[in-house]
Protein chains: 2
Amino acid sequence: MPTFGDVQAAAQRLRGIARRTPLLESEALNALAGGRVLLKAEPLQRTGSFKFRGAYNTISQIAATAVVAYSSGNHAQGVAAAARLLGKKATIVMPADAPAIKVESTRSHGAEIRLYDRARESREALGAEIAERSGAALIRPYDDRRIIAGQGTAGLELARQVEDQGGRLEAALIPCGGGGLIAGCSLALSTLCPGIEIHAVEPEAFDDTGRSLAAGRRLANRPGGQSICDALLVPTPGELTFEINRRLLAGALAVTDDDVRRAMSFAFRHLKLVVEPGGAVALAALLAGRFDARGRTVAIMLSGGNVDPAEFARALRPPGGS
Amino acid sequence: MPTFGDVQAAAQRLRGIARRTPLLESEALNALAGGRVLLKAEPLQRTGSFKFRGAYNTISQIAATAVVAYSSGNHAQGVAAAARLLGKKATIVMPADAPAIKVESTRSHGAEIRLYDRARESREALGAEIAERSGAALIRPYDDRRIIAGQGTAGLELARQVEDQGGRLEAALIPCGGGGLIAGCSLALSTLCPGIEIHAVEPEAFDDTGRSLAAGRRLANRPGGQSICDALLVPTPGELTFEINRRLLAGALAVTDDDVRRAMSFAFRHLKLVVEPGGAVALAALLAGRFDARGRTVAIMLSGGNVDPAEFARALRPPGGS
């Protein structure tokens with residue numbers, strides 16, 4: 001199992017390479033929430049999401065000269081950019097219906113793309129086949145000690161930035177798909193901010209972590225669920241990530257697509273930041289009143305900003321505005 | 001005339017109050033430009049633009065308990081927010097056709113709004129009338145020593161951030177309306193980055209500073225010009241600002257509305273930042289090939305992000321994309 005020490009070691013590897021993304025604050029949001037809300041702006045990270053952190057931390061520790069990954073997009077971009085910086089060849093297995101901006105961007109980071117049909121092909125099988133044929137190391141999206149530690153550096157920075165501002169963090173809301181980001185951040189935050197209350201935030205139809213926490217064991221999402229949060233659509237919590245999250249999380253919150261669009265619109269208007277649907281769920285939970293921030297200092301993780309223009313424009317149209 | 005010392009004094013007044021906005025960098029932009037491009041992200045400043053800097057620096061130095069300003073929007077928001085922080089009453093005279101987001105936001109900062117008809121009323125007369133009736137101090141948008149010094153703190157930070165990253169700035173492109181931002185930044189940059197080449201960037205139909213620099217005296221814009229850059233539409237360069245700019249600028253560049261929309265779209269895709277039309281002109285000049293950045297380290301000032309959703313969505317639609 002990864003530890004806080006692994007997160008610290010990851011931060012050393014990422015020093016001067018990953019960006020120390022800013023912590024944003026909005027008077028309008030503080031007034032709405034009735035507390036102090038600090039937002040970690042990972043859309044400003046290299047490749048537009050936190051995923052670069054875990055990818056670089058992992059790839060910098062492997063001997064293979066090639067890597068392969070399957071991903072709906074943000075992990076793909078992170079792996080592609082990290083591999084290029086480290087002089088390794090990257091092949092990315094992506095669903096043919098992934099947002100165009102993510103496919104193009106992954107290609108622009110120098111990776112080879114292998115598109116697959118979600119309905120007829122298995123990305124796991126394709127990835128394993130490429131790994132076997134070319135000797136490439138498979139870079140998992142979340143269920144890996146090195147990935148979790150790398151993502152945790154976002155939480156480590158967050159804790160230190162709040163401290164630098166003289167604040168004391170009482171709660172954190174963090175987007176959750178496979179759970180790598182929140183697991184890593186929880187390792188850092190629970191150590192550096194004793195007593196902190198950490199909540200996962202998920203799309204309503206993909207509330208596997210919330211139901212798993214309640215049940216005390218890993219449960220899968222019901223089939224057929226829909227969500228605009230393409231970055232968070234995984235079938236079930238990871239094994240490693242869930243072991244950490246069951247121990248360190250206070251609970252989980254769920255949001256609707258409309259909640260998410262309102263949060264994207266709010267970030268546009270008040271933060272001047274482009275946030276993708278999956279990256280906006282924690283802000284969405286706060287704005288929708290799912291979490292009571294009154295009188296508290298609360299961190300919101302904005303985890304990524306890779307969204308197609310048409311999807312973004314849709315979020316800006318009334319009545320999505322706020 | 002304001003000096004570099006005034007900019008340093010303004011930075012002291014703004015310490016812990018204005019945000020130290022981040023310097024962004026994009027591999028995609030570096031590759032396109034063939035050099036190193038560093039972007040100062042003033043949309044992340046309080047009130048969504050650099051205007052807060054000059055407003056706070058000025059209002060913190062006046063004795064009156066009320067202030068009045070006329071502005072198309074960003075100066076209005078800066079004055080409103082600074083006045084509130086300093087416990088003074090603000091009245092803002094705004095054109096009735098200003099972007100709705102700017103009117104609403106100014107009101108949300110606690111200011112009283114007086115809308116006027118651009119065609120039938122004089123904002124100067126209205127402002128003077130309010131000042132006389134209420135004893136309020138008029139806060140000018142750019143032609144004031146304290147305003148120029150305050151805006152210059154953006155350039156001071158920029159120079160220090162580039163230095164912190166081990167870079168040496170060779171050129172800077174800065175949006176120019178009345179010229180307060182570029183005049184203040186030039187005081188800082190010409191002192192801290194000897195030999196730097198500083199260019200103003202203006203909308204094509206509002207190239208008064210460019211033509212004035214060429215003529216050696218202040219020239220007005222031709223009547224009837226149109227531009228989506230609402231933040232940059234002034235009739236003529238300021239007196240004080242032009243005195244500084246004629247001494248310190250290398251020249252001026254002009255961009256079209258299409259150039260500006262492409263830059264806004266680029267910032268959306270690659271920087272994940274919301275930039276308003278007037279705030280995007282310097283990036284637009286670079287992307288449109290008006291400035292040769294090959295082999296150089298160049299700063300781009302992104303000066304604000306207050307744009308109506310519909311205008312922003314228009315910039316994201318093809319063929320505005322890049």
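The values are calculated or read from the model by the stated rules, or taken from the named source; none is laboratory data. Bear in mind the structure is a predicted one, so any value in this text is a computation, not a measurement. All Cβ positions, even for glycine, are placed from backbone atoms using ideal geometry, and neighbour counts span all protein chains on display.
When restricted to residues that are out of contact with any strand residue (DSSP E or B) (no Cβ under 6 Å at 6 or more places or on another chain) and crowded, with 19+ Cβ neighbours inside 10 Å, the range B:163-173 contains 0. In this structure, B:GLU42 does not qualify as surrounded by fewer than 24 Cβ atoms within 10 Å (Cβ to Cβ) and within 12 Å of another protein chain (Cβ to nearest Cβ). Counting just the residues of the range B:288-311 that are crowded, with 24+ Cβ neighbours inside 10 Å and away from every other protein chain (no Cβ under 12 Å), which one comes out farthest from B:THR47 (Cα to Cα)? Only one residue tops the list, namely B:VAL298.
So which pairs qualify, if the first residue must be in the range A:221-244 and touching a residue at least 12 places away in the same chain (Cβ under 8 Å), the second must be charged (D, E, K, R) and crowded, with 21+ Cβ neighbours inside 10 Å, the Cβ gap must be under 6 Å, and the two must be at least 6 apart or on different chains? Final answer for the pair search is A:ASN221/A:ASP208; A:THR236/A:ASP208; A:PRO237/A:ASP208. Being part of a loop (DSSP other than H, G, I, E, B), among the basic types (Lys, Arg) and within 21 Å of A:GLY304 (Cβ to Cβ) holds for only one residue in A:ARG107, A:ARG168, A:ARG118, A:ARG146, and it is A:ARG118. Among the residues of this structure, A:LEU240 counts as one that is under 17 Å from the mean Cα position of the chain (by Cα) and either outside the structural domain of A:MET301 (by TED's automatic domain parsing) or among the aliphatic types (A, V, I, L, M) (or both).
The set of residues in the range A:222-264 being out of contact with any strand residue (DSSP E or B) (no Cβ under 6 Å at 6 or more places or on another chain), surrounded by fewer than 21 Cβ atoms within 10 Å (Cβ to Cβ) and farther than 30 Å from B:VAL274 by Cβ consists of A:ARG222, A:PRO223, A:GLY224, A:GLY225, A:PRO235, A:THR236, A:GLU239, A:GLU243, A:ARG246, A:ARG247, A:LEU248. Condition first: surrounded by 18 or more Cβ atoms within 10 Å (Cβ to Cβ) and among the hydrophobic types (A, V, I, L, M, F, W, C). Can you find one or more residues in the range A:116-128 that meet it? Within the range A:116-128, none of the residues are surrounded by 18 or more Cβ atoms within 10 Å (Cβ to Cβ) and among the hydrophobic types (A, V, I, L, M, F, W, C). Within the range B:16-35, residues that are not assigned by TED's automatic domain parsing to the domain that holds B:TYR56 sit with their Cβ atoms under 7 Å from residues that are among the aromatic types (Phe, Trp, Tyr) and modelled with pLDDT of 95 or more, at 6+ positions apart or across chains, in these pairs: B:ILE17/B:TYR56; B:ALA18/B:PHE52; B:ALA18/B:TYR56.
Per the conditions (1) part of a helix (DSSP H, G or I); (2) within 30 Å of A:ARG218 (Cα to Cα); (3) among the small types (Gly, Ala, Ser), the sole criterion not satisfied by A:ALA82 is (2). So in the range A:15-36, with the set limited to residues that are over 17 Å from the mean Cα position of the chain (by Cα) and hydrophobic (A, V, I, L, M, F, W, C), which one is farthest from A:GLN165 (Cα to Cα)? Restricting to residues being over 17 Å from the mean Cα position of the chain (by Cα) and hydrophobic (A, V, I, L, M, F, W, C), the top hit is A:ILE17.
Return yes when A:ILE92 is touching a helix residue (DSSP H, G or I) at 6+ places or on another chain (Cβ under 6 Å), surrounded by fewer than 17 Cβ atoms within 10 Å (Cβ to Cβ) and outside any loop (DSSP other than H, G, I, E, B) and no when it is not. No; evaluated as a whole, the condition is false for this residue. Each residue in the range A:210-222 was checked for being in a helix (DSSP H, G or I) and either among the small types (Gly, Ala, Ser) or under 16 Å from the mean Cα position of the chain (by Cα) (or both), and 4 of them qualify. Please determine whether any residue of the range A:60-72 is in the same structural domain as A:ILE174 (by TED's automatic domain parsing), under 16 Å from the mean Cα position of the chain (by Cα) and among the small types (Gly, Ala, Ser). The answer is no; no qualifying residue exists.
For first residues located in the range A:295-321 and assigned by TED's automatic domain parsing to the domain that holds A:ALA76 and in a strand (DSSP E or B), partners that are of a type in the set (S, T, N, Q) and modelled with pLDDT under 95 and lie 6+ apart or on another chain with Cβ distances below 9 Å do not occur.
Taking the range B:24-39 as the range and being facing chain A (nearest Cβ under 10 Å) and of a type outside the set (D, E, K, R) as the test, the residues that pass are B:LEU24, B:SER26, B:ALA28, B:ALA31.
When B:ALA69, B:ALA76, B:ALA10, B:ALA55 are checked against the criterion of being touching a Pro at 6+ places or on another chain (Cβ under 8 Å), surrounded by 24 or more Cβ atoms within 10 Å (Cβ to Cβ) and either of a type outside the set (Lys, Arg) or within 12 Å of chain A (Cβ to nearest Cβ) (or both), a single residue qualifies: B:ALA69. When the range B:245-258 is filtered for residues that are more than 20 Å from B:GLY180 (Cβ to Cβ) and within 18 Å of the chain's Cα centre (by Cα), the ones remaining, listed by number, are B:THR256, B:ASP257.
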